Amino acid sequence: MRITDLFSKRQAKLRGEVPDVFVYDKMPQELRVQVVHIFKDYLGNETEVYRRNGLVSGAYEFIVNTLCREYGIFKLPSAREYGDRDYVTELFNFVLSEKSTERVLDAVELGSRIIDVHSRKWEYRHRQDAADEADAALAELNARFQQHGFGFRFETGNIIRIDSEVVHAEVVKPALALLHDTKYRGAEAEFHKAFEHHRHGRTKEALADCLKSLESTMKAVAAHRKWKHDPHATAKPLLDLMFEKQLIPQLWSQHFSGLRGMLESGVPTARNRLGGHGQGPEVVTVPQHFVAFALHQTAAAIVFLANAEAALPR
């Protein structure tokens, strides 16, 4: 990871100039430049990509064309109006000059996915140095986000919004790792969708996908254990099944009664009251900090359920 502890950085820390509150709506220019450096170091130009890491050639062309297709345009705003396309310059100028932070993150996410996925293609798995370089590049990206107090991270193929470094490290990241198991793929997709909604400020949709992810996790546990259950069951009967099957042992029922209360009345109730049903004549506003709390509740519940299932005797 190419991060140097410069004298000026140490002095800024001593003066208390290190950001202690995350920002989400504006990506610092210094961070944009550092993203370009990371892409240049790892992806290089088209020839260097093919020679060094065995990645598919045309990485920059793929990123640019994907963005153009999704945005409904022919060239990124930074591209030259005439002449041959220079996809490297077009992408980097877009990252450096695009006013929409969300669109810059689109480009960062696509580039990071290429670094993450292509270096691990099966024909290059014997190349440990390629995987190490990818890990270092993505670790630097997340470290740069943290350095600037920019409230996002690249995790398991997606840029996600974070609201607390401690909660993310201790709860959200373990949940993402557990959900990456094939039996939890449905829950993983819904959990990522909840974070995507949170990132874009779609608070009610984020709450709805929190509940879907929680329900899908319990259905995956039940299916893996071959416990009879309604495939269309909602949170309440699924939670009853988890306790009936002693996913939480009866010996500890008193200690975990609080957890059951949280699972039954926390995320599900939050979704039912604020996000899942008709809101009536007045517009219901769900604050971002409430969604962050619901996401963290969901993550903690997923970690517990997955670990408890793994610990049950066969």
Does region 176-188 include one or more residues that are assigned to a helix (DSSP H, G or I), modelled with pLDDT of 85 or more, closer than 27 Å to Arg103 by Cβ and out of contact with any Cys (no Cβ under 7 Å at 6 or more places or on another chain)? yes
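Residue-wise test of (1) in a helix (DSSP H, G or I); (2) under 30 Å from Asp106 (Cβ atoms); (3) modelled with pLDDT under 85; (4) within 13 Å of the chain's Cα centre (by Cα).
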| residue | (1), (2), (3), (4) |
| --- | --- |
| Leu141 | yes, yes, no, no |
| Asp163 | no, yes, yes, yes |
| Thr217 | yes, yes, no, no |
| Pro231 | no, no, no, no |
Index of the failed condition, Ala223 passing every other in (1) among the aliphatic types (A, V, I, L, M); (2) in a loop (DSSP other than H, G, I, E, B); (3) closer than 20 Å to Pro313 by Cβ; (4) modelled with pLDDT of 80 or more: (2)
Among the numbered conditions (1) modelled with pLDDT of 85 or more; (2) closer than 18 Å to Leu141 by Cβ; (3) surrounded by fewer than 20 Cβ atoms within 10 Å (Cβ to Cβ); (4) of a type in the set (Ser, Thr, Tyr), tell me where Ser112 comes up short. (3)
Looking only at residues in region 208-236 that are open to solvent by 50 Å² or more (accessible area, probe 1.4 Å) and in contact with a helix residue (DSSP H, G or I) (Cβ under 6 Å, 6 or more places away or on another chain), which one is nearest to Thr101 (Cα to Cα)? Lys212
Could you please give the count of residues in region 214-245 that are closer than 18 Å to Ala175 by Cβ and of a type outside the set (A, V, I, L, M)? 5
Please name all residue pairs, on different chains or six or more residues apart, with Cβ atoms under 7 Å, provided the first residue is in region 217-231 and is more than 20 Å from Glu188 (Cα to Cα) and without any contact (Cβ under 8 Å) to a residue 40 or more places away in the chain and the second residue is hydrophobic (A, V, I, L, M, F, W, C) and open to solvent by 10 Å² or more (accessible area, probe 1.4 Å). Trp227/Leu241; His229/Leu241
The condition of being at pLDDT 85 or above and among the acidic types (Asp, Glu) holds, among Glu282, Glu244, only for Glu244
Note on region 149-161: residues surrounded by 17 or more Cβ atoms within 10 Å (Cβ to Cβ) and farther than 20 Å from Ala175 by Cβ are Phe150
Residue check, Glu205 open to solvent by 10 Å² or more (accessible area, probe 1.4 Å), more than 30 Å from Phe22 (Cα to Cα) and not hydroxyl-bearing (Ser, Thr, Tyr): no
Among Ala189, Ala206, which is the only one that is out of contact with any strand residue (DSSP E or B) (no Cβ under 8 Å at 6 or more places or on another chain), under 20 Å from Thr156 (Cα atoms), aliphatic (A, V, I, L, M) and without any contact (Cβ under 8 Å) to a residue 12 or more places away in the chain? Ala189
Would you tally the residues in region 62-87 being modelled with pLDDT of 90 or more, out of contact with any Cys (no Cβ under 9 Å at 6 or more places or on another chain) and farther than 17 Å from Asp116 by Cα? 10
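The values are calculated or read from the model by the stated rules, or taken from the named source; none is laboratory data. Model, not experiment: these values are computed from the prediction. All Cβ positions, glycine included, derive from the backbone under ideal geometry; neighbour counts span all protein chains shown. Protein only, heavy atoms only, side chains kept; ligands, DNA and RNA dropped before computing areas. Shrake-Rupley method; radii C 1.70, N 1.55, O 1.52, S 1.80 Å.
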